[in-house]
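Written below as structure tokens is the structure these notes are about.
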Amino acid sequence: YVDLTSEQRKLLRKKLTSPLDWHREEELANYIDILNRIEADLDGEVTADTVRRWADEMFGAAVRVQRSLLVVALEFGKQVSDEQVEEFVVSLWERQEEMEAEFSARSDAEYSDDDYDNLVETLERFLGRLNTEQKVILREASNKLVRFDKAWLEEGRAWLRKMENLLQREAGWQEAILQAYDARTGLRSAAYRAAFEHNVGLVTQAYAEVIGIMSERQRKKAQNEFDDLRRMLTKLMGDDG
């Protein structure tokens, strides 16, 4: 998003040391706990509520990391010039406009196909190839999803406008951005929340149904994937570099 000088890069690397240590020492262990709970849940009945709990736990982990890096970015923001801030804002708006052009151009049929492909890809990452019955479940769910891209893009645009104003770096700007970030979820429009909950309900139900009829081969594939992830996370937890 912005070009940094050699000295700024060194300073940023130094400021990242503490949050990266926290992530390696604490968050990676949380990821293993999440994997263990998911694997244990697969031995019983998996419902839409079960899948929603998995999603909420993973989303919560992502938010914790994002917020920790935001704190670093805000502290580092003292060291950048006005020109670099302007470059950063311009880059954010360019990315926003690229996404708007890409997503808004899709027809309803294309939107449904993209959602279906994403649903299949996510499950096949852990289960391997899905059978026809499982794909039908996901196709039916994707056909019922309401378009969420417009509400998501509008929320992103509103957030950028707020960020742009706060990045004038007047007194208290860092705390103001952090407060805005923490309040962001609660300020989302009714249309955004309604579309999100509708779609999450359909997806979690569809995933629960697919998992409920997974084969022994798919179950073994999932177990192997979980084992690989645990090994990788354990290795990273012991990595000092």
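The values are calculated or read from the model by the stated rules, or taken from the named source; none is laboratory data. Nothing here was measured: the structure is a model prediction, and the numbers come from that model. All Cβ positions, glycine included, derive from the backbone under ideal geometry; neighbour counts span all protein chains shown. Only protein heavy atoms, including side chains, enter the accessible area calculation; ligands, DNA and RNA are left aside. Shrake-Rupley method; radii C 1.70, N 1.55, O 1.52, S 1.80 Å.
Tell me the relative contact order for the chain as a rounded percent, counting alpha carbon contacts under 8 Å between residues six or more apart.
Numbers: 144 pairs, mean separation 88.2, N = 241.
Reported as a whole number, the value is 37 percent.
For the chain, just list the percent of Cα-Cα distances falling in each 10 Å bin from zero outward, please.
Percent of pairs per bin, in order: 6, 23, 28, 28, 13, 2, 0.
If the cut-off is a Cα-Cα distance under 20 Å, which lysines reach Lys15, setting aside same-chain residues fewer than 8 apart in sequence?
Lys78
Roughly what angle does helix 216-237 make with the longest principal axis of the chain, taking Cα atoms, 0 to 90 degrees, to the nearest 10?
30
Kindly provide the helix-only [θ] at 222 nm of the chain, computed as the sum of -39,500 (n - 2.57) over DSSP H runs of four or more divided by all residues, to the nearest 500 deg cm²/dmol? Mind dumping the intermediate values first?
Numbers: 10 runs with 190 residues, N = 241.
My calculation for the chain gives -27000 deg cm²/dmol from helical runs alone.
When a/c reaches 1.5 or more, the comparison of a/b and b/c decides; with that in mind, is the range 112-196 rounded, prolate or oblate per its Cα gyration tensor? Write out the running numbers ahead of the final one.
Details: a/c = 3.87, a/b = 2.62, b/c = 1.48.
Prolate.
Which lysines have a Cα lying under 28 Å from the Cα of Lys220, excluding residues fewer than 8 positions away in the same chain?
Lys135, Lys235
If ligands, DNA and RNA are left out, what is the accessible area of Glu97 with a 1.4 Å probe, given in Å² to the nearest 10?
100
Sort all Cα-Cα distances of the range 22-147 into consecutive 5 angstrom bins from zero, then give the percent of pairs in each bin up to the one containing the longest distance.
Per 5 Å bin, starting at zero, the Cα-Cα P(r) for the range 22-147 comes out as 2, 8, 10, 13, 15, 14, 14, 12, 7, 3, 1, 0 percent.
For a test of the definition: using alpha carbon positions, the gyration tensor, and the 1.5 limit on a/c, classify the range 148-237 as rounded, prolate or oblate.
Values: a/c = 4.35, a/b = 1.71, b/c = 2.54.
It is oblate, given that a/c is not under 1.5 and a/b is not larger than b/c.
Amide H of Val2 versus every other amide H placed in the peptide plane: which residues, excluding those fewer than 5 positions away on the same chain, fall under 5 Å?
none
Calculated FRET efficiency, Ala40 and Leu160, Cβ-Cβ r, R0 41 Å, to nearest 0.05? Numbers along the way, then the final one.
Values: r = 41 Å, r/R0 = 1.00.
Taking R0 as 41 Å, the efficiency between Ala40 and Leu160 is 0.50.
Gain in length, Glu225 to Glu97, computed as 0.36 nm per residue apart minus the alpha-carbon separation, to one decimal in nm? Walk me through the numbers before you get to the answer.
Numbers: separation 128, 0.36 × 128 = 46.08 nm, distance 3.67 nm.
Here the segment from Glu225 to Glu97 would lengthen by 42.4 nm.
Using only Cα atoms, tell me the angle between helix 48-76 and the longest principal axis of the chain; keep it within 0 to 90° and round to the nearest 10.
So the inclination is approximately 20 degrees.
Got a sec? What order do Met237, Met163 fall in by accessible area at 1.4 Å, biggest, i.e. largest, first? Present the calculation step by step, with values, prior to reporting the outcome.
Values: Met237 70, Met163 25 Å².
Largest accessible area first, the residues go Met237, Met163.
Rounded to the nearest 10 degrees, what's the angle between the helix 82-104 long axis and the longest principal axis of the chain, both from Cα atoms, 0 to 90?
30
With all protein chains present, calculate the accessible area of Ile211 using a 1.4 Å probe and round the result to the nearest 10 Å².
Rounded to the nearest 10, that gives 20 Å².
Over the Cα atoms of the range 101-159, compute the convex hull volume and normalise it per residue, giving Å³. Please report the intermediate quantities before stating the final value.
Details: hull volume 5.3 nm³, N = 59.
Enclosed volume per residue, from the Cα hull, is 89 Å³.
Multiplying the sequence separation of Arg147 and Lys78 by 0.36 nm and subtracting their Cα-Cα distance, what value in nm do you get?
Working: separation 69, 0.36 × 69 = 24.84 nm, distance 3.97 nm.
Gain on stretching Arg147 to Lys78: 20.9 nm.
Determine how large the accessible area of Phe88 is when every protein chain is in place; take a 1.4 Å probe and give Å² rounded to the nearest 10.
60
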